Amino acid sequence: MKFKSWFCFFSFLFTMTINAQLLPALHVDGTQLRDEAGNKVVLHGVADSPDPSDNNLYWGIVANDDSIDACLNYFEKIFTAITDKSQGCYTNVFRLHLDPVWTNNPNIKSDGNYLGDADISCFSASRLKVYMKSLYWKIIERAMAHGLYVVVRPPGTCHGTIYVNGEYQDYLKDVWDIVTNNDSIKKYSGQISFELANEPVSVLDENGEVSESAITDFFQPIINIIRENGFDGIIWVPGKTWSADYRSYVEYPISDNNFGFAVHNYSGWFLITDDNCDHDLAINSFREYVPVVRTNPILITEVDWSPEKEGTGHYDNNGNWVLSNYGTWGTASTSKWGMAYKAILDYYDNVGMIAAST
């Protein structure tokens, strides 16, 4: 009996190890993502953040060691639900925000230069190192166990204007240096990929001048650090204007052999709205602003929409007033804007998508 018990125990561990390895490693092959067998893979999934305020205070308002288990329990339930194929709609990728609610030092007062997630004045490298192991990696591990690839984005979002050799570039260098020195991350580089930054708006050169090469000069050194640290997985490079403009990369390309581009798409972007939803216009406008769709894989890492409903509203990233909807960031109808968006996905065979939230 004792031998049988130990045999069952080790069989369980072996099975868990095998299950973790069943998710084929991905790589970039021209304009496509492919697995180890050469099969084309298109990613489709959702995003979420371990910020309790983003998740109806499921585990309370705090984000510290005492709430880790409750946070992990929440994500276990999320991953079980979003990979349930019996529902007819399921995912194969999850976008994880390394939320600053965990990486900021609560004992430091903000310098007040930036608001919300763009504020990096309280960032703590030591907290990122701690929670990379005790929280973020465990979320990633659980996602992969459910058959999900994982796209990791850094804590927070870009300043309105970022500079080559500026403080935000230094911040991203520190973040990705810490993340890619994690041995577990490097071990699963075929299953884990990185979205280098969230929604750059204006990118200037080191002299504060407008330059077509600035965005490449901004992200190339960060990519170099990631590669020097031994991470050889896929990197998703963002564009300007809230991740909606990639034209500069044609003349000033990124130098790497395993990367694609992370694009965001909401109603009103790429000239498409409910009132202007011609499918050919959607396809051509996307190609105009994202010409790299012809050379690299594209992953739309944020998209959502729901119809207008009576009530108030909010200002979008362009300062436009957006009427109330049913809980999404973008306001649009599926039969109009949504079908034009789908036309983009149908026309290009190398565009994946991640809904903005679970």
inquiry  = If you split all Cα-Cα distances of region 26-111 into 5 Å bins from zero, what percentages do you get per bin, shortest first?
reply    = 3, 12, 17, 17, 15, 13, 10, 8, 5, 2, 0
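Can you check what the net charge comes to around Trp236, using other residues whose Cβ is under 12 Å from the Cβ of Trp236 (Lys, Arg +1; Asp, Glu -1)? Please report the intermediate quantities before stating the final value.
Numbers: positive: Arg95, Arg153; negative: Glu195, Asp256, Glu302.
So the surrounding residues net to -1.
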ask   = So, with +1 on the Cβ of K and R and -1 on the Cβ of D and E, and no other charges, what is the size of the charge dipole of the chain about its Cα centre, to the nearest 20 debye?
value = 1500
note = For the chain, the per residue accessible area (1.4 Å probe, Å²) is 47
key: trypsin sites (Lys or Arg not before Pro) within region 102-200: DSSP coil, no more than 10 neighbouring Cβ in 10 Å   = Lys109
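I'd like the antiparallel share, as a percent to the nearest 5, of DSSP beta bridges with both residues in the chain. Spell out each step's value before the answer.
Working: 12 of 46 bridges.
The answer is about 25 percent antiparallel.
As an exercise, identify the chymotrypsin sites (Phe, Trp or Tyr not before Pro) in region 267-340 lying in DSSP coil whose Cβ has no more than 14 other Cβ atoms within 10 Å. Walk me through the numbers on the way to the answer.
Numbers: sites: Trp269, Phe270, Phe286, Tyr289, Trp305, Tyr315, Trp321, Tyr326, Trp329, Trp337; in loops: Trp305, Tyr326, Trp329.
Answer in residue order: Tyr326.
Using only C-alpha atoms and all pairs of different ones, pull out the Kirkwood radius for region 208-358 in Å with one decimal.
The Cα-based Kirkwood calculation yields 16.5 Å.
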key: Neighbourhood charge, 12 Å Cβ-Cβ cut-off, centred on Asp205 and excluding it, Lys, Arg +1 and Asp, Glu -1   = -4
inquiry  = Largest first, please: the extent of the C-alpha atoms of region 207-277 along each principal axis, to the nearest Å.
reply    = 48, 31, 18
inquiry  = Restricting to DSSP H runs of at least four residues, report the calculated mean residue ellipticity at 222 nm for the chain, -39500 (n - 2.57) per run over all residues, nearest 500 deg cm²/dmol.
reply    = -9500 deg cm²/dmol
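Taking every eigenvalue of the Cα gyration tensor of region 99-171, multiplying by 5 and rooting it, what semi-axes result, largest first, whole Å?
Numbers: eigenvalues 134, 47, 20 Å².
With the √(5λ) rule applied to region 99-171, the semi-axes are 26, 15, 10 Å.
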query = In whole angstrom, how far apart do the alpha carbon centroids of region 299-358 and region 48-91 sit?
reply = 23
Label point distance in nm, Glu76-Ser184, each placed 7 Å from Cα along Cα→Cβ = 1.5
request  = Among Leu345, Leu22, Val151, pick out the residue whose Cα is farthest towards the positive end of the charge dipole of the chain, where Lys and Arg carry +1 and Asp and Glu carry -1 on C-beta, about the Cα centre.
outcome  = Leu22
task = Leaving ligands, DNA and RNA out of it, report the carbon-plus-sulfur percent of the accessible area of region 273-358 at a 1.4 Å probe.
result = 49
task = Using amide H atoms built 1.01 Å from N in the peptide plane, name the residues 5+ places from Asn325, or on other chains, whose amide H lies under 5 Å from its own.
result = Lys309
request  = Return the sequence-ordered ³J(HN,Hα) values of region 173-185 in whole Hz as given by the Karplus equation 6.51 cos²θ - 1.76 cosθ + 1.60 applied to θ = phi - 60°, using x for Gly and Pro.
outcome  = 4, 5, 4, 6, 5, 5, 4, 7, 8, 7, 4, 5, 4
query = Kirkwood Rh, region 265-348, all Cα pairs: how many Å?
reply = 13.3
query = Regarding region 72-218, what whole-number volume in Å³ per residue does the convex hull of its Cα atoms give?
reply = 133
message = Using only the Cα atoms of region 131-192, what semi-axes does the equivalent ellipsoid have when each is the square root of 5 times a gyration tensor eigenvalue? Give whole Å, largest first.
response = 26, 12, 10
query = Glu167 accessible area, nearest 10 Å², 1.4 Å probe?
reply = 110
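Tell me the Kirkwood hydrodynamic radius of the chain in angstroms, computed as one over the mean inverse distance between distinct C-alpha pairs.
With all distinct Cα pairs of the chain included, I get 21.3 Å.
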key: Neighbour cut-off at most 16 other Cβ (10 Å), DSSP loop, chymotrypsin sites (Phe, Trp or Tyr not before Pro), region 33-90   = Tyr90
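The values are calculated or read from the model by the stated rules, or taken from the named source; none is laboratory data. Only a predicted model underlies this, so the values are computations on that prediction, with no experimental measurement involved. So basically every Cβ, Gly included, is an ideal-geometry build from the backbone, and we count neighbours across all protein chains shown. When the accessible area is computed, the model is the full protein with side chains, heavy atoms only, and any ligands, DNA or RNA have been set aside. Shrake-Rupley method; radii C 1.70, N 1.55, O 1.52, S 1.80 Å.
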